[in-house]
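Encoded as structure tokens, the structure appears first; notes follow it.
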Amino acid sequence: MKILIGVDDSKHSRAALEYVKKMTWPKGTQVLVVSAVRDVMPAYTEVYAASPAYSDRAMEDLFKFHQEIASDAEKALQAAGLQTEAKVLQGDPRSVIVDLARAEAADLIVVGSHGRTGMAKLLLGSVATHVVSHAPCSVMVVKLEK
């Protein structure tokens, strides 16, 4: 079985990771950890902010940050006895997760849910909703316990 788990630095992502760790999976299950780095969008248009060097440095920092997130998740899953691989990819998390699941022939995608509703969901989007709607395989959406 091949499981893809999308991770970020949220408590919702940690809940999904904990759920995967405590489940019993078939022998030989592989877990692919993915963290997506969104493109840098300067919030203002001062000259230095618009320079390519500024954007390149910001992307480097974001990649390092997401590599740490993915590496920590991978170590936690390995400690639970699972075979893992971690990837950090650039792009919208919704597309990154769906496209990678398709490319890797994943059997299951696991994502955390922020539980946004109304205007927040409309403005910020929902990774979980998009993944459920477009995934090539089953999707498990993990919510925080209340």
Identify the residue in region 45-70 that is more than 30 Å from Ser13 (Cα to Cα) and surrounded by fewer than 12 Cβ atoms within 10 Å (Cβ to Cβ) and, among all such residues, is modelled with the highest pLDDT.
-> Ala53
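Quick check on my filter: what residues within region 96-130 are among the small types (Gly, Ala, Ser) and at pLDDT 95 or above? Break it down stepwise before answering.
Let us first name the residues in region 96-130 that are among the small types (Gly, Ala, Ser), namely 101, 103, 105-106, 112-113, 115, 118, 120, 125-126, 128.
Passing the criteria: Ala101, Ala103, Ala105, Ala106.
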Report, by residue number, each residue of region 60-94 that is assigned to a helix (DSSP H, G or I), touching a residue at least 60 places away in the same chain (Cβ under 8 Å) and over 13 Å from the mean Cα position of the chain (by Cα).
-> Leu77
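Considering every residue within region 23-43, establish whether at least one is in a helix (DSSP H, G or I), surrounded by fewer than 18 Cβ atoms within 10 Å (Cβ to Cβ) and either modelled with pLDDT of 95 or more or over 18 Å from the mean Cα position of the chain (by Cα) (or both). Walk me through it before giving the result.
At the first step, the residues of region 23-43 found to be in a helix (DSSP H, G or I) are none.
No, region 23-43 has no match at all.
Condition test on Val98, is it in contact (Cβ under 8 Å) with a residue 40 or more places away in the chain, surrounded by 15 or more Cβ atoms within 10 Å (Cβ to Cβ) and among the β-branched types (Val, Ile, Thr)? Spell out how you get there, then give the answer.
Details: in contact (Cβ under 8 Å) with a residue 40 or more places away in the chain: no; surrounded by 15 or more Cβ atoms within 10 Å (Cβ to Cβ): yes; among the β-branched types (Val, Ile, Thr): yes.
Criteria not met by Val98.
The values are calculated or read from the model by the stated rules, or taken from the named source; none is laboratory data. Just so you know, these numbers come straight off a predicted model, no measurement behind them. Neighbour counts are summed over all protein chains in view; Cβ atoms, including those assigned to glycine, are modelled from backbone coordinates with ideal geometry.
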